[in-house]
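K.L.:
The structure that follows is given in the form of structure tokens.
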Protein chains: 2
Amino acid sequence: MNIGEVAKMAELPIKTIRYYEEIGLIKPKRSTNGYRIFRESDVHKLTFLGRARSLGFSIEDCRALLQLYENATRSSADVKKIAQEHLACIEAKIKELQAMRSTLSHLIEACSGDDRPNCPILSDLATLS
Amino acid sequence: MNIGEVAKMAELPIKTIRYYEEIGLIKPKRSTNGYRIFRESDVHKLTFLGRARSLGFSIEDCRALLQLYENATRSSADVKKIAQEHLACIEAKIKELQAMRSTLSHLIEACSGDDRPNCPILSDLATLS
DNA sequence: TCTAAAGTCTCCACCAACCGGAGGGTCAAG
DNA sequence: CTTGACCCTCCGGTTGGTGGAGACTTTAGA
């Protein structure tokens, strides 16, 4: 398969696939004309990567997960550990964003939003937290 | 004031302050020896920037907010608009992260996390969403 | 007065995770 | 035989900085 077909199957941009090759996540063969040739297993890996990325795993996490995926003698504990650590990161980010949302929505509520210059949002920003 | 002192007052890294000058957010004067000289107003601006960044505003938002901050004839409506748009971004991100959290925590629950290879997390990742 | 430490300067490279475009080769259809 | 759809590599840009090299200045202490 050529890259275009694979891109459709794995639902990934062509550029991303080339990038994943560049950083060693996949290793497609080459045809004599220089075109990449993908096997079924490459499509599986790309699908896997796309899904993992959509769950927010970093590329390095993906690399580790992919190795476990391909390793028949893995321990599910290793997978779970990566997932748990990532979940903790996600929860931390959610908390951070919720704090921002809270502050911001209070400020927005307090702001009249008319054509006068007086603005509690700017007043707050000018204050050291 | 020199940059070190300002960095302490505004609670920002020196590198960040130099970067903010580079992108035109602040314009400190220079001493004959080449050192940057900061006025009170620069410290105010930097404090403002630090606080705005901590609320997640992008640099370009910060630039716009700073201009409004310095413009005595601004309309609070303009400020509010920027803040509301940013709030919408934050809320979208929270939703996205919550969806990830939901999926991920279910997968983690389903994974035994022992030394056997069987793993619902990997099975899920291998499936097109 | 000399020296060492601390502070400052510029410039360059790097991080994540790609995206866009230039400039060129290849392939299939009409 | 040409046209258009693919494909290739390489380079630069994105966001918001951070780290370090190498050089200069200032300050404090002996």
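K.L.:
Look at the stretch B:35-65 and say how many of its residues are assigned to a helix (DSSP H, G or I) and under 26 Å from B:Ile94 (Cβ atoms).
P.N.:
14
K.L.:
Oh, and also: Consider the stretch A:94-129. How many of its residues are facing chain B (nearest Cβ under 7 Å) and basic (Lys, Arg)?
P.N.:
2
K.L.:
Another question, if that's okay. Does A:Glu91 meet the test of being within 7 Å of chain B (Cβ to nearest Cβ), more than 16 Å from DNA strand D (Cβ to nearest atom), assigned to a helix (DSSP H, G or I) and charged (D, E, K, R)?
P.N.:
Here the answer is yes, as A:Glu91 does meet what is asked.
K.L.:
Could you list, ordered by first residue, the pairs with Cβ atoms under 7 Å in which the first is in the stretch A:12-25 and over 17 Å from A:Leu66 (Cα atoms) and the second is near DNA strand D (Cβ under 9 Å from one of its atoms) and among the small types (Gly, Ala, Ser), at least 6 apart or interchain?
P.N.:
Between residues of the stretch A:12-25 that are over 17 Å from A:Leu66 (Cα atoms) and residues that are near DNA strand D (Cβ under 9 Å from one of its atoms) and among the small types (Gly, Ala, Ser), the close pairs are A:Pro13/A:Ala7; A:Ile14/A:Gly4; A:Ile14/A:Ala7.
K.L.:
Within the stretch B:36-57, can you find the residues that are within 14 Å of DNA strand D (Cβ to nearest atom) and more than 14 Å from the chain's Cα centre (by Cα)?
P.N.:
Result: B:Arg36, B:Ile37, B:Lys45.
K.L.:
Hey, could you check the stretch B:20-34 for residues that are surrounded by 10 or more Cβ atoms within 10 Å (Cβ to Cβ) and not in a loop (DSSP other than H, G, I, E, B) and say which is nearest to DNA strand D (Cβ to nearest atom)?
P.N.:
B:Tyr20
K.L.:
Quick one: A:Asn2 ticks every box in (1) under 21 Å from B:Asp115 (Cα atoms); (2) of a type outside the set (D, E, K, R); (3) within 14 Å of DNA strand C (Cβ to nearest atom) bar one, so which box is it?
P.N.:
Going through (1) under 21 Å from B:Asp115 (Cα atoms); (2) of a type outside the set (D, E, K, R); (3) within 14 Å of DNA strand C (Cβ to nearest atom) one by one, A:Asn2 breaks only (1).
K.L.:
I need the full set of residues from the stretch B:5-19 which are within 11 Å of DNA strand D (Cβ to nearest atom) and assigned to a helix (DSSP H, G or I), in order please.
P.N.:
Once the filter is applied, which keeps residues that are within 11 Å of DNA strand D (Cβ to nearest atom) and assigned to a helix (DSSP H, G or I), the stretch B:5-19 yields B:Ala7, B:Ile14, B:Lys15, B:Thr16, B:Ile17, B:Arg18, B:Tyr19.
Residues are listed down the side, and each one gets a yes or a no for (1) near DNA strand C (Cβ under 9 Å from one of its atoms); (2) on the phi > 0 side of the Ramachandran plot; (3) at the interface with chain B (Cβ under 10 Å from one of its Cβ atoms):
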| residue | (1), (2), (3) |
| --- | --- |
| A:Lys8 | no, no, no |
| A:Thr16 | yes, no, no |
| A:Phe38 | no, no, no |
| A:Thr47 | no, no, yes |
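K.L.:
Still on this structure, please answer the following. So A:Glu60 ticks every box in (1) within 13 Å of the chain's Cα centre (by Cα); (2) within 11 Å of chain B (Cβ to nearest Cβ); (3) without any contact (Cβ under 8 Å) to a residue 12 or more places away in the chain but one. Which box is left unticked?
P.N.:
(2)
K.L.:
Another question about this same structure. Check A:Ser75, A:Ser123 and return the single one that is of a type outside the set (A, V, I, L, M), within 30 Å of B:Asp78 (Cβ to Cβ) and either surrounded by 15 or more Cβ atoms within 10 Å (Cβ to Cβ) or not assigned by TED's automatic domain parsing to the domain that holds A:Met1 (or both).
P.N.:
That would be A:Ser123, the only listed residue that is of a type outside the set (A, V, I, L, M), within 30 Å of B:Asp78 (Cβ to Cβ) and either surrounded by 15 or more Cβ atoms within 10 Å (Cβ to Cβ) or not assigned by TED's automatic domain parsing to the domain that holds A:Met1 (or both).
K.L.:
Sticking with this one: Do we have any residue at all in the stretch A:66-76 that's at pLDDT 95 or above, within 15 Å of DNA strand D (Cβ to nearest atom) and not charged (D, E, K, R)?
P.N.:
no
The values are calculated or read from the model by the stated rules, or taken from the named source; none is laboratory data. Because the structure is a prediction, the values reported are computed rather than measured. Methodologically, a virtual Cβ is constructed for each residue, glycine included, from the backbone with ideal geometry; neighbour enumeration extends over all protein chains shown.
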